[in-house]
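**Q** My structure is below; once you've seen it, I'll send some questions.
The values are calculated or read from the model by the stated rules, or taken from the named source; none is laboratory data. Because the structure is a prediction, the values reported are computed rather than measured. Because the Cβ atoms are built from the backbone with ideal geometry, glycine has one as well, and the counts that use them run over all protein chains shown.
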Amino acid sequence: MTGSPLVSEPLFHLGPVPITAAVTTTWAIMAALILGAILLTRRLTLLPSRTQSVVEMLVGAVDDQIRDTLGADPTPYRPLIGGIFVFVLAANWSSLVPGVEPPTAKLETDAALALVVFAATIFYGVRTRGLLGWMKTFAEPSWVMIPLNLVEQITRTFSLVVRLFGNVMSGVFVVGIVLSLAGLLVPIPLMALDLLTGAVQAYIFAVLATVFIGAAVGETEPPDPHAIAKEPETP
Amino acid sequence: MRIDWWTLGLQTINVLILVWILGRFFFRPVADIVAARRAEAAKLLDEARAARDAAVAARTEAEAEVVRRASDRDRAVAAATAEADTAKAALLATARAEADRLRAAARDDIHRLVALETARAEARAGRLAVDIAARLMTRLPKEAQVAGFVAGLAEAVATLPEATRAALGTGAPLALKAPRPLDDDERATIAGALADVLGRPAEIAVTVDPALLAGLELEMPHAVVRNSLAADLERIEAELARHDVS
């Protein structure tokens with residue numbers, strides 16, 4: 001890591017489009033995730049294998065998080081929240097591969113993720129409340145709050161970018177500095193710490209995206225998908 | 001700091017594509033299989049609940065059947081007991097009646113055998129008495145075998161009907177049975193006594209019969225005058241037998 005983390009140098013050009021390392025790494029991650037998804041979901045059965053149980057546990061955890069945060073059926077939000085979580089986690093942990101810089105260590109990738117979340121909040125808010133209803137949320141609890149709410153929409157999205165970018169980029173940067181100063185094995189504890197940081201940041205990014213969408217769609221009556229599962233627990 | 005807008009745009013598209021693909025090929029299949037399992041579990045639970053309800057109903061029915069069978073068994077036992085009691089009572093009554101009948105028959109047999117044995121004993125006693133009398137008679141004087149019975153013979157002839165008495169001795173001598181041969185005096189005494197009773201002379205023809213023991217008897221075509229110790233003993237014996245039977 002010798003260049004500036006704030007500058008993305010193109011590796012090559014596709015016509016007028018410069019292709020940076022973050023983009024190629026993202027494509028590789030996408031290919032790996034899609035291949036893994038196809039392999040994992042190829043033979044799903046009612047009697048799950050150990051691998052299928054782990055996959056179902058991951059999806060169930062995403063559903064529970066959405067349900068707890070939104071208080072609504074997680075089905076419409078599952079692909080977005082789950083997809084962002086899986087991608088950010090894979091991107092953060094891609095730093096373990098020697099010579100690979102995680103895409104989330106670049107500002108454009110984090111900004112793209114935040115942009116998607118920002119667009120999703122508007123999409124889900126309008127779809128749930130209607131355009132007028134969604135716009136009225138900016139006047140809550142009082143019309144005086146309209147400027148602040150408008151600013152909040154920008155700042156919280158920007159905070160998503162900065163938080164993820166700062167944590168991942170700093171981790172990669174620190175590991176690079178330590179690696180240039182010390183021996184080969186010295187950065188290993190820092191890389192392990194990066195694993196934890198990457199997982200936490202993926203979780204935080206997904207949770208915040210859920211919270212932002214929840215704020216846009218408002219309070220809804222949650223369904224009770226565990227009704228069947230909870231029934232035997234009733235004494 | 002410089003934002004590469006091309007990279008921003010490409011990454012945005014990449015994220016959207018990845019979100020769509022993961023949602024289509026990962027999250028949806030997994031969520032569907034979880035929902036299918038949940039539905040299958042609910043179905044199994046419903047079936048298990050239905051099976052449990054059916055089992056409970058079957059158990060209730062079985063318990064009712066057990067109670068019903070027990071009641072039927074009790075009734076059958078009671079009926080069998082009553083029938084056995086009735087049969088036992090009938091058998092006892094029949095046995096008692098049969099025993100009474102057998103006892104009465106045995107009693108009758110005993111009475112009959114006792115009477116028969118008594119009669120035989122009395123007959124033996126009578127014969128023994130006659131034998132004793134006959135033996136005693138042999139110790140008497142020979143005159144006593146005839147002389148003491150002449151008057152009795154005359155009295156017996158006197159009691160005969162007139163027609164019979166008139167026919168005695170006509171055409172043939174009177175057949176006289178005696179226990180021993182008579183001498184002339186005894187013949188004359190007897191003929192005299194008969195002539196006195198008949199009012200005319202009577203001729204006698206003597207026949208010896210030791211079975212008379214003592215006495216004299218007349219035998220006529222249509223009557224017999226028995227005037228002997230043997231005849232007396234026979235009457236006594238007959239009288240004794242008749243007395244015992246009565």
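**Q** Residue by residue through region B:114-158, note down the ones that are hydrophobic (A, V, I, L, M, F, W, C), farther than 17 Å from residue B:234 by Cβ and loosely packed, with under 14 Cβ neighbours inside 10 Å.
**A** Residues satisfying the conditions are B:114, B:115, B:116, B:121, B:140, B:144, B:151, B:158.
**Q** Check residue A:99 against each of (1) part of a helix (DSSP H, G or I); (2) at pLDDT below 90; (3) among the small types (Gly, Ala, Ser) and name the one condition it does not meet.
**A** The single condition residue A:99 does not satisfy is (1).
**Q** Answer yes or no as to whether residue B:47 is in a helix (DSSP H, G or I), surrounded by fewer than 17 Cβ atoms within 10 Å (Cβ to Cβ) and within 7 Å of another protein chain (Cβ to nearest Cβ).
**A** On the way: in a helix (DSSP H, G or I): yes; surrounded by fewer than 17 Cβ atoms within 10 Å (Cβ to Cβ): yes; within 7 Å of another protein chain (Cβ to nearest Cβ): no.
So residue B:47 fails the test.
**Q** Next question. Among the numbered criteria (1) assigned to a helix (DSSP H, G or I); (2) among the charged types (D, E, K, R); (3) more than 21 Å from residue B:242 (Cα to Cα), which one does residue B:177 miss?
**A** (1)
**Q** Which residue, of B:34, B:30, is within 9 Å of another protein chain (Cβ to nearest Cβ), surrounded by 10 or more Cβ atoms within 10 Å (Cβ to Cβ) and touching a Gly at 6+ places or on another chain (Cβ under 8 Å)? Before you say what the answer is, go through the steps one by one.
**A** Working: B:30 fails: touching a Gly at 6+ places or on another chain (Cβ under 8 Å).
None of the other options fit; the residue is B:34.
**Q** Of the residues that make up region B:15-27, is at least one over 30 Å from residue A:81 (Cα atoms) and either within 14 Å of chain A (Cβ to nearest Cβ) or out of contact with any Pro (no Cβ under 6 Å at 6 or more places or on another chain) (or both)?
**A** No, region B:15-27 has no match at all.
**Q** Among (1) over 22 Å from residue A:200 (Cβ atoms); (2) in contact with a helix residue (DSSP H, G or I) (Cβ under 8 Å, 6 or more places away or on another chain); (3) surrounded by fewer than 15 Cβ atoms within 10 Å (Cβ to Cβ), where does residue A:75 come up short?
**A** It is condition (3) that residue A:75 fails.
**Q** Of B:52, B:59, which residue is at negative phi, within 14 Å of another protein chain (Cβ to nearest Cβ) and either outside any helix (DSSP H, G or I) or surrounded by 10 or more Cβ atoms within 10 Å (Cβ to Cβ) (or both)?
**A** Numbers: B:59 fails: within 14 Å of another protein chain (Cβ to nearest Cβ).
Selected residue: B:52, the only one of B:52, B:59 that is at negative phi, within 14 Å of another protein chain (Cβ to nearest Cβ) and either outside any helix (DSSP H, G or I) or surrounded by 10 or more Cβ atoms within 10 Å (Cβ to Cβ) (or both).
**Q** Could you list, in sequence order, all residues of region B:214-225 that are within 23 Å of residue B:188 (Cβ to Cβ) and either in contact with a helix residue (DSSP H, G or I) (Cβ under 8 Å, 6 or more places away or on another chain) or in a loop (DSSP other than H, G, I, E, B) (or both)? If you could, list the steps in order and put the result at the bottom.
**A** So in region B:214-225, the residues within 23 Å of residue B:188 (Cβ to Cβ) come out as B:214-220, B:225.
The answer is B:214, B:215, B:216, B:217, B:218, B:220, B:225.
**Q** Hey, among A:99, A:171, A:125, which residue is touching a residue at least 24 places away in the same chain (Cβ under 8 Å), over 21 Å from residue A:210 (Cα atoms) and either surrounded by fewer than 17 Cβ atoms within 10 Å (Cβ to Cβ) or away from every other protein chain (no Cβ under 14 Å) (or both)?
**A** Numbers: A:99 fails: touching a residue at least 24 places away in the same chain (Cβ under 8 Å); A:125 fails: over 21 Å from residue A:210 (Cα atoms).
Matching residue, one of A:99, A:171, A:125: A:171.
**Q** Of the residues in region A:1-59, how many are buried (at least 18 other Cβ atoms within 10 Å of the Cβ) and assigned to a loop (DSSP other than H, G, I, E, B)?
**A** 4
**Q** Can you tell me which of A:81, A:19 is facing chain B (nearest Cβ under 10 Å), farther than 30 Å from residue B:31 by Cβ and modelled with pLDDT of 90 or more? It would help to see each step written out before you state the result.
**A** Working: A:81 fails: farther than 30 Å from residue B:31 by Cβ.
Criteria check complete, one pass: A:19.
**Q** Out of all the residues in region A:78-94, which are small (Gly, Ala, Ser) and either on the phi > 0 side of the Ramachandran plot or surrounded by fewer than 24 Cβ atoms within 10 Å (Cβ to Cβ) (or both)?
**A** Within region A:78-94, A:90, A:94 qualify.
**Q** Quick one: would you say residue B:202 is free of Cβ contacts under 8 Å to residues at least 60 places away in the same chain, in contact with a helix residue (DSSP H, G or I) (Cβ under 9 Å, 6 or more places away or on another chain) and over 27 Å from residue B:132 (Cα atoms)?
**A** Working: free of Cβ contacts under 8 Å to residues at least 60 places away in the same chain: yes; in contact with a helix residue (DSSP H, G or I) (Cβ under 9 Å, 6 or more places away or on another chain): yes; over 27 Å from residue B:132 (Cα atoms): yes.
For residue B:202, the condition - free of Cβ contacts under 8 Å to residues at least 60 places away in the same chain, in contact with a helix residue (DSSP H, G or I) (Cβ under 9 Å, 6 or more places away or on another chain) and over 27 Å from residue B:132 (Cα atoms) - is met.
**Q** I want to confirm something. Restricting to region A:60-72 and keeping residues that are over 13 Å from residue B:33 (Cα atoms) and touching a helix residue (DSSP H, G or I) at 6+ places or on another chain (Cβ under 8 Å), which single residue is surrounded by the fewest Cβ atoms within 10 Å (Cβ to Cβ)? Before you say what the answer is, go through the steps one by one.
**A** Quick first cut of region A:60-72, residues over 13 Å from residue B:33 (Cα atoms) only: A:61-72.
Next, from what is left, pick out any that are touching a helix residue (DSSP H, G or I) at 6+ places or on another chain (Cβ under 8 Å): A:62-63, A:65-66, A:69-72.
Values: A:62: 24, A:63: 22, A:65: 19, A:66: 25, A:69: 20, A:70: 23, A:71: 15, A:72: 20.
My answer is A:71.
**Q** If you take the residues of region A:84-96 that are within 12 Å of chain B (Cβ to nearest Cβ) and in contact with a Ser or Thr (Cβ under 7 Å, 6 or more places away or on another chain), which of them is nearest to residue A:59 (Cα to Cα)?
**A** A:88
**Q** When you go through (1) over 30 Å from residue A:97 (Cα atoms); (2) of a type in the set (Ser, Thr, Tyr); (3) modelled with pLDDT of 90 or more; (4) touching a Ser or Thr at 6+ places or on another chain (Cβ under 9 Å) one by one for residue A:220, which number turns out not to apply?
**A** The single condition residue A:220 does not satisfy is (3).
**Q** Let me ask something else. Checking residue A:108 against (1) in contact with a strand residue (DSSP E or B) (Cβ under 9 Å, 6 or more places away or on another chain); (2) of a type outside the set (Lys, Arg); (3) farther than 17 Å from residue A:24 by Cα, which single condition isn't satisfied?
**A** (3)
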